[in-house]
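The values are calculated or read from the model by the stated rules, or taken from the named source; none is laboratory data. Here the structure is a predicted model, which means the values were calculated and not measured. Cβ: placed from backbone, ideal geometry, glycine included. Neighbour counts: every protein chain shown.
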Amino acid sequence: MRLSPLWQRRFAIFRAHRRGWVSLILFAVIFVVSMGANFIANDKPFLMEYRGHLYLPAIQQISGQTFDPNFLPTEADYTNPQVKAAIRAHGWMLWPPIPFSYDTIVWNARLAPAPPSAEHPLGTDEVSRDVLARVIYGLRLSILFGFGLTIVASIIGIVAGAVQGFYGGTTDLFFQRFIEIWSGMPQLFLLIILSSIIAPSFWILLLFLLLFSWMTLTGVVRAEFLRARNLDYVRAARALGVPDWRIMLRHMLPNAMIATLTFLPFILSDSVTLLASLDFLGFGMPPGAPSLGELVSEAKDNLQAPWLGFTAFITLGGILIILIFIGEAVRDSFDPRKS
Amino acid sequence: MTLLSVQNLSLSAAHKTLVDNISFHVEPGETLAIVGESGSGKTLSALTVLDLLPPGVTRGGGHILLDGCDITAATPAQKQKLRGGVAGMIFQEPMSSLNPLQRVGKQIAEAMLLHGKFSKNTLRSRVLDLLREVGLSDAEHRMDDYPHLLSGGQRQRVMIAIALANNPKLLIADEPTTALDVTLEKQILDLIAREQKDRGLGVLLITHDLGLVRRYADRVLVMDQGKAIEDNSAEELFDHPQHPQTQRLLAARNFAPPPPLPNAPVLLEASNLSVKFPILRGALRRKVGEIAAVDDISFNLRAGETLGLVGESGSGKSTIGLLLLRLIRFEGTVLFDGHDLCRLSKTALNVLRADLQIVFQDPYGSLAPRLTVADIISEGLTLHEKHLTRAARAARVAAALTEVGLPSDAAQRYPHEFSGGQRQRIAIARALILQPKILILDEPTSALDVTVQAEILELLRSLQIRHGIAYLFISHDLAVIRALAHRIIVLKNGKIVEMGLADTVFAAPHAAYTKTLLAASGLNLHSSHATSRL
């Protein structure tokens, strides 16, 4: 596929923005590692051979009775020395570099929370789970949640802002009043009430936060459209008979995109922060879920174990800074006046 | 003693020479005009006098002596004294040069206080005297107004009052009338000329308009691309221009009228057009009256002819252009091609839009900044000629670009890569690609340099002859109207003041207002045939 000259230029500007480029590479690494969390940090071998058959336990469910009729018919516990021995007798196992999942409780570690050691590079938390494994899974959750919330909220926000700015008048008036009332809703109270009725899952939490976070972009896009609607090029498009939606999409939206892109990294990092803070307060993901917020909360409860605090701070701060650096570079590369 | 002497001045930014070794001087009581097109370095040369260069521009060399003080060696404190104290400055845009949040009287008083020449308790009466001197009517009340309550001409008078507040010896006027109507332009320049006489000021007048210079300058320095190409007394320069660029600048404002048009069928008939805006008052925004931007106007337009709409800002001329395209609400009937544009449904109107196109004034605002030139020009085709293949569309775009005199590789570039004149060509190509029958030209040349203006007018004229398009040409500038219009309508406050054949109106105007406009425009109607380029 050949890129158009425009995209080549944008890409070249992005590459020239060193900080953004390095951040993108870092983010790509973090993204790939965290998306492949199952194969990097798991308490199951990701590949094994048993009696001439190849298995992928990381994504396959294999009953314990496959290896020994005396074992339970539930999924095999590969950390159990007896299971290990039974498999090793007739085959081999390939373990991921971190042989713990986010919910694996390490029984043979020192008193939890244990300080960093060769086996646990970031130590263990208060329930004796490997911190590094939890960070990797936690990043995956945060990134997916952040992206999901940002993308859907931005689309809704841009459409709402565009309609308000383009039509103006009464449409704008009513929409603005609605937004004022809606943004006055006590989000946190509603969330506490919600979490007392149902246990919030990933999707419920996403949907709920979406109800309130789409308004960030509306104001910016609305202002941009209000400004542009009386410019001559929009008038010229009207004089050509261009339909409204096409004027909005082709003529006005590209101008609002810079303002939008400037906001995107902040919305993304806001979403990550929001999830982390809800988890910290205990209204977020169900207990036990690998979340960065819970790590912060554990760090607060265990000040004698500074590795928890440092890990939480560096992970959360690092991911937010990286996202903002990337956003800056994207914004510059979309600026047509930059060469 | 020479008031201002600039010798061998060179300015550069990022290794590009902006001003190349120019010298000029101003004596007390004399007006020196620096004339040039945009980018010729005339404004920068004036800004150096007070060391007000924008960041990034550096002075390569040269000596500047202002009232005996070497500004290149002056300390910041000395410079502060010179600015406003010895030399006052008037800028182009009176709206943005006044602080919108302070009363105008206070802004003048501040200028006086800064130099400490006057005691505080006499300030108010001094400000009042000054405002009366610059001819601001009702000065006692006006001095307590905010700038947005004043008209453009009044604001420029206030700017002049600020510049004169400390009795300077030199007045630097940087395009003081570019943002104003022709009749106001004359008033403001007359005011500057009167002040110069009364106070014995030296005046440095920066302008792109050679026509102004003839009436107001003693000596003229013509600049082109950073170089001084001609320096002479005004009379000598106008009678015997030496440099070809000067000759071009002089010729660019003198257009021959278009060839007469044989009887052509009427294409568009507008009758009893009115556009009214409600006046809303009070907390409940009740309607207390109406302002008519366009008041009961009727005219017709024949195929292949140019109808000129002349008037000052606020006369409703642009509103008529928008109205014909039904971009604003109006009353009246517009018959075009057997249809009443006012009553057509939106879809039916969209079909007709291909025949009625518009070119706007501001070449920077009229092109979508994030679309390529090809996208901009071909938009009409994608809507009105949907059957075209991609290749056919590209061919039509290339043909349209050639027709308006742009290279075909322009298609893949963005509007901001083009100059003002080229952008206006793109806007014309966008309108032309649909082969319209009527083209509304809303001040298409007002934002352009004079020589570029002449090129665009030439292009428009040849397009009209080739395709037989009817133009509705809207302008405040009688010189460009002269170049294209077969018939003329003079508008004032939304009403028709005079209507007739162009030759008749220019030769023997009836209405007093038309006479004022003609006088203010400084058009030399008799010599225009001899020096014409078109």
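Here are the numbers:
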| read-out | value |
| --- | --- |
| Residue in the stretch A:134-141 that is assigned by TED's automatic domain parsing to the domain that holds A:PHE266 and under 30 Å from A:VAL242 (Cβ atoms) present | no |
| The stretch B:324-335, residues that are free of Cβ contacts under 8 Å to residues at least 60 places away in the same chain and within 12 Å of chain A (Cβ to nearest Cβ) | B:ARG326, B:LEU327, B:ILE328 |
| Some residue of the stretch B:501-519 being assigned to a loop (DSSP other than H, G, I, E, B), among the hydrophobic types (A, V, I, L, M, F, W, C) and either surrounded by 19 or more Cβ atoms within 10 Å (Cβ to Cβ) or at pLDDT 85 or above (or both) | yes |
| Within the stretch B:360-369, considering residues that are at the interface with chain A (Cβ under 7 Å from one of its Cβ atoms) and surrounded by fewer than 21 Cβ atoms within 10 Å (Cβ to Cβ), the one farthest from A:ASP232 (Cα to Cα) | B:PRO369 |
| Residues of the stretch B:235-256 that turn out to be closer than 20 Å to B:THR451 by Cα and either surrounded by fewer than 19 Cβ atoms within 10 Å (Cβ to Cβ) or among the hydrophobic types (A, V, I, L, M, F, W, C) (or both), as a count | 15 |
| Complete set of residues in the stretch B:387-412 that are within 12 Å of chain A (Cβ to nearest Cβ) and surrounded by fewer than 18 Cβ atoms within 10 Å (Cβ to Cβ) | B:ASP409, B:GLN412 |
| Which listed residue is within 19 Å of the chain's Cα centre (by Cα) and free of Cβ contacts under 8 Å to residues at least 24 places away in the same chain, from A:GLY318, A:GLY309, A:GLY327 | A:GLY318 |
| Long-range neighbours under 6 Å by Cβ, at least six apart or interchain, first residue within 12 Å of A:THR315 (Cα to Cα) within the stretch A:128-145, second crowded, with 23+ Cβ neighbours inside 10 Å and among the acidic types (Asp, Glu) | A:VAL131/A:ASP125 |
| Some residue of the stretch B:347-356 being more than 12 Å from every other protein chain (Cβ to nearest Cβ), farther than 24 Å from B:GLN453 by Cβ and buried (at least 16 other Cβ atoms within 10 Å of the Cβ) | no |
| All strands (runs of 3 or more DSSP E) inside the stretch B:13-87 with 2 or more residues being within 27 Å of the chain's Cα centre (by Cα) | B:16-26, B:31-35 |
| Unmet requirement for A:LEU139, which otherwise passes all of (1) at pLDDT below 85; (2) over 13 Å from A:ASP43 (Cβ atoms) | (1) |
| For B:ALA368: the one exception among (1) closer than 20 Å to B:ILE456 by Cα; (2) of a type in the set (Gly, Ala, Ser); (3) part of a loop (DSSP other than H, G, I, E, B) | (1) |
| Any helices (runs of 4 or more DSSP H) falling wholly within the stretch A:125-231 and containing at least 1 residues that are of a type outside the set (A, V, I, L, M, F, W, C) and over 26 Å from B:ARG370 (Cβ atoms) | A:131-167, A:169-183, A:187-197, A:202-213 |
| Any hit, the stretch A:191-205, residues being closer than 27 Å to A:ARG238 by Cβ, in the same structural domain as A:PRO254 (by TED's automatic domain parsing) and surrounded by fewer than 17 Cβ atoms within 10 Å (Cβ to Cβ) | no |
| Top-ranked residue of the stretch B:413-429 - restricted to ones that are over 18 Å from A:HIS251 (Cβ atoms) and assigned to a helix (DSSP H, G or I), ranked as nearest to the other protein chains (Cβ to nearest Cβ) | B:GLU417 |
| Scope the stretch B:374-402; condition over 16 Å from A:VAL242 (Cβ atoms) and either outside any helix (DSSP H, G or I) or in contact with a His (Cβ under 9 Å, 6 or more places away or on another chain) (or both); matching residues | B:HIS387, B:LEU388, B:THR389 |
| Residue in the stretch A:287-309 that is surrounded by fewer than 21 Cβ atoms within 10 Å (Cβ to Cβ), assigned to a loop (DSSP other than H, G, I, E, B) and within 14 Å of chain B (Cβ to nearest Cβ) present | no |
| Neighbours by Cβ (under 6 Å, 6+ apart or cross-chain): first from the stretch B:105-123, of a type in the set (Phe, Trp, Tyr); second surrounded by 11 or more Cβ atoms within 10 Å (Cβ to Cβ) | B:PHE118/B:MET112; B:PHE118/B:ARG126 |
| Conditions (1) under 30 Å from B:MET1 (Cα atoms); (2) surrounded by fewer than 17 Cβ atoms within 10 Å (Cβ to Cβ): number failed by B:LYS120 | (1) |
| Residues satisfying the stated conditions in the stretch A:232-278, i.e. among the small types (Gly, Ala, Ser), within 14 Å of chain B (Cβ to nearest Cβ) and assigned to a helix (DSSP H, G or I) | A:ALA236, A:ALA237, A:ALA239, A:ALA256, A:ALA259 |
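For (1) part of a helix (DSSP H, G or I); (2) surrounded by 15 or more Cβ atoms within 10 Å (Cβ to Cβ); (3) within 14 Å of chain A (Cβ to nearest Cβ), each residue gets a yes or a no:
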site: B:GLY289; (1), (2), (3): no, no, no
site: B:ASP296; (1), (2), (3): no, no, no
site: B:PHE299; (1), (2), (3): no, yes, no
site: B:LEU309; (1), (2), (3): no, yes, no
site: B:LEU344; (1), (2), (3): no, yes, yes
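Every residue, every condition in (1) under 20 Å from B:GLU195 (Cα atoms); (2) not in a helix (DSSP H, G or I), yes or no:
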site	(1), (2)
B:SER96	no, no
B:GLU110	no, no
B:LEU128	yes, no
B:ARG132	yes, no
B:HIS141	no, no
B:ASP144	no, yes
B:GLN154	yes, no
B:ILE162	yes, no
